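S.K.: Below is the structure I would like to discuss, written out as structure tokens.
The values are calculated or read from the model by the stated rules, or taken from the named source; none is laboratory data. These numbers were taken from a predicted model, which means no experiment stands behind them. Because the Cβ atoms are built from the backbone with ideal geometry, glycine has one as well, and the counts that use them run over all protein chains shown.
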Amino acid sequence: MTSAAPAAPLAASAEVPLLGFARQSVAIAEAELRKLARDPTELLTRAVQPALWLIVFGEVFTRIRAIPTGDLSYLEFMAPGVLAQSVLFSAIFFGIAVIWERDLGIIHKLLVSPAYRGALVMGKAISAGLRGLTQALIIYVLALILGIRLQFSPLSLIGVAAVVMLGSALFATFSLIVACIVKTRERFMGIGQVLTMPLFFASNAIYPLAIMPPWLRVVARVNPLTYVVDALRALMVQGGHSAFGVGVDVAVPVVAFAALLAVAARLYPGLVR
């Protein structure tokens with residue numbers, strides 16, 4: 001039943017290419033989001049990990065004041081990093097659902113449709129981005145409970161939502177590429193677990209770039225998660241600022257996402273072989 005939903009929009013291949021691409025992407029995203037509506041308990045389980053990071057790790061390090069964070073308390077410094085971490089951890093395992101779809105024959109049906117291959121990938125990226133917004137809502141609620149000073153201006157909220165969606169789409173697309181390469185659930189889970197922690201710890205999510213050793217600072221500067229965190233820190237927390245500039249923080253993930261989208265669209269048909 002899941003694969004039947006996008007069938008009608010996907011069949012509209014005689015449209016203007018850009019419009020057809022957009023309609024097909026939205027159809028795929030809607031089908032993906034319906035899965036979440038059928039299993040809302042997933043939203044509750046996603047709240048556990050960020051709560052532990054903020055309540056346990058954040059509170060302890062705030063008390064010992066071991067990490068210099070300037071005018072921000074450690075909890076205020078850490079909250080955007082925990083949001084970025086939650087986005088990363090949920091998006092990086094997005095590809096396993098695609099492997100399940102292949103085993104159920106859903107991918108085969110989509111690939112024989114007249115849909116653009118890029119639209120199939122973009123639709124999944126959009127759905128991952130919208131799922132990421134639930135992570136933002138959870139973090140905002142936890143942050144308010146813990147007394148973290150958040151920005152609530154319309155521009156700040158829109159900016160946070162856009163950055164969260166971009167980060168989710170970026171890492172979900174990366175996850176899809178991994179799924180296309182390894183093709184089995186067991187290998188995918190192993191690689192996903194190996195990738196998440198280095199991406200997280202080699203970023204500015206829980207400590208500033210200034211205290212990193214030089215080699216780790218170089219790695220952090222090529223890590224897209226660093227720019228997602230940096231943008232969130234400037235937009236989300238009162239007194240927060242961006243080390244690179246919000247324009248750079250957005251441009252780097254956008255370029256990375258565009259490159260990964262092109263690669264994923266090319267590899268996606270190979271998932272069924």
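S.K.: At least 2 residues that are closer than 24 Å to ARG187 by Cα, modelled with pLDDT under 80 and not basic (Lys, Arg) in each: list the helices (runs of 4 or more DSSP H) lying fully within region 57-146 that qualify.
M.R.: In region 57-146, the matching helices (runs of 4 or more DSSP H) lie at 95-104, 106-111.
S.K.: Since ARG266 meets every condition but one in (1) surrounded by fewer than 19 Cβ atoms within 10 Å (Cβ to Cβ); (2) assigned to a helix (DSSP H, G or I); (3) without any contact (Cβ under 8 Å) to a residue 60 or more places away in the chain, which condition does it not meet?
M.R.: Exception for ARG266: condition (3).
S.K.: Can you tell which of ARG233, ARG221 is under 30 Å from ILE158 (Cβ atoms) and in contact with a His (Cβ under 9 Å, 6 or more places away or on another chain)?
M.R.: After applying the criteria, what remains is ARG233.
S.K.: Please indicate, with yes or no, whether at least one residue in region 34-43 is surrounded by 12 or more Cβ atoms within 10 Å (Cβ to Cβ), at pLDDT below 80 and in a loop (DSSP other than H, G, I, E, B).
M.R.: Within region 34-43 (the criterion being surrounded by 12 or more Cβ atoms within 10 Å (Cβ to Cβ), at pLDDT below 80 and in a loop (DSSP other than H, G, I, E, B)), the answer is no, since none of the residues qualifies.
S.K.: Which one of ALA27, ALA47 is surrounded by 12 or more Cβ atoms within 10 Å (Cβ to Cβ), touching a helix residue (DSSP H, G or I) at 6+ places or on another chain (Cβ under 8 Å) and at pLDDT below 75?
M.R.: ALA47
S.K.: For PHE152, work out the one condition from (1) more than 18 Å from VAL82 (Cα to Cα); (2) touching a residue at least 24 places away in the same chain (Cβ under 8 Å); (3) aromatic (Phe, Trp, Tyr) it doesn't fulfil.
M.R.: (2)
S.K.: Looking at region 198-212 only, could you name the residues that are outside any loop (DSSP other than H, G, I, E, B) and either buried (at least 19 other Cβ atoms within 10 Å of the Cβ) or among the acidic types (Asp, Glu) (or both)?
M.R.: Selection gives LEU199, PHE200.
S.K.: Which residue out of MET165, MET197, MET189, MET212 is farther than 26 Å from ASP71 by Cα and either free of Cβ contacts under 8 Å to residues at least 24 places away in the same chain or acidic (Asp, Glu) (or both)?
M.R.: Selected residue: MET197, the only one of MET165, MET197, MET189, MET212 that is farther than 26 Å from ASP71 by Cα and either free of Cβ contacts under 8 Å to residues at least 24 places away in the same chain or acidic (Asp, Glu) (or both).
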